[in-house]
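Engineer: A single structure is presented below for examination.
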Amino acid sequence: MRVIPEHMPTAIRYRLAGPDDALAIGRLARRVTRRWILPEQPASAAAELLHGMSARVIRRKILAGQRFHLACQQDGRLAGVAALRDDCHLFQFFVSTRLHGRGIARQLWQRAMRDAVRRAGTRQFTLNASAMAVPVYRHFGFVRSGPPTVSRSGLLTQPMRLDRH
Ligand SMILES: CC(C)(COP(=O)(O)OP(=O)(O)OC[C@H]1O[C@@H](n2cnc3c(N)ncnc32)[C@H](O)[C@@H]1OP(=O)(O)O)[C@@H](O)C(=O)NCCC(=O)NCCS
């Protein structure tokens, strides 16, 4: 595996996903989820989380018009994904582990937000954050919108929202 030193800029291209990207999105999402999110969740929550990351489910969502914004490396490999439902709810947000801390999530979020505002004039964005991502979302201007919630399978998330003024 090629290791990119922290200080080296990585050339990243941003684009919208099509149905053929579903497989790669699912792989990245599951890999990053296993590494960073599942360890902080009860075992019972894994199936619920990973179900939405199967290529079949992602392809169906893309075909239904949900917007998956991609960050791609020069060789075409996927570096990150930000997916928005109804132009207002961020439901997938992942960057490949070895590329963390280089501003890729910031770029993805800005593109996703601009796209939603352009399409729907969105004034409020929402999401349910993993514990790890709460400080990142705060950097983007999100605030906690209520107490942490626990789903039926035990999945623990922090609801957050961002209001555009
Ligand atoms: C959350 C995640 C997408 C961030 O990706 P990233 O590319 O490393 O983030 P960036 O480098 O663009 O940083 C975004 C901002 O958050 C800040 N930030 C990044 N990691 C941080 C951390 N651990 N603590 C505090 N701030 C952090 C950065 O300083 C940056 O702020 P700025 O733009 O104001 O300078 C990535 O860590 C990830 O994939 N995590 C695992 C999956 C996950 O939890 N996803 C969220 C599901 S709800």
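Engineer: What are the residues in the stretch 132-160 that are farther than 19 Å from Gly103 by Cα and under 15 Å from the mean Cα position of the chain (by Cα), if any?
Structural biologist: Thr157, Gln158, Pro159, Met160
Engineer: Also, I was wondering about something else. Considering only the stretch 116-131, how many residues are more than 7 Å from the ligand (Cβ to nearest atom) and part of a strand (DSSP E or B)?
Structural biologist: Qualifying residue count, the stretch 116-131: 3.
Engineer: Does Ala24 satisfy the criteria of being more than 13 Å from the ligand (Cβ to nearest atom), more than 26 Å from Arg152 (Cβ to Cβ) and crowded, with 18+ Cβ neighbours inside 10 Å?
Structural biologist: yes
Engineer: Could you please tell me which pairs satisfy a Cβ distance under 8 Å, a separation of 6+ or placement on different chains, a first residue in the stretch 68-80 that is over 10 Å from Leu16 (Cα atoms), and a second residue that is acidic (Asp, Glu)?
Structural biologist: Every condition considered, the pairs that remain are Leu78/Asp21.
Engineer: Which of the residues belonging to the stretch 97-115 are surrounded by 20 or more Cβ atoms within 10 Å (Cβ to Cβ) and more than 8 Å from the ligand (Cβ to nearest atom)?
Structural biologist: If the condition is that a residue be surrounded by 20 or more Cβ atoms within 10 Å (Cβ to Cβ) and more than 8 Å from the ligand (Cβ to nearest atom), then Ala112, Met113 are the ones that fit.
Engineer: Keeping to the stretch 62-96, report how many residues are within 14 Å of the ligand (Cβ to nearest atom), surrounded by fewer than 18 Cβ atoms within 10 Å (Cβ to Cβ) and within 20 Å of Arg118 (Cα to Cα).
Structural biologist: Adding up the residues that qualify gives 3.
Read the figures in this text as sums done on the coordinates, not as results from a lab. Being a predicted model, the structure only gives us computed values, none of them experimental. Cβ: placed from backbone, ideal geometry, glycine included. Neighbour counts: every protein chain shown.
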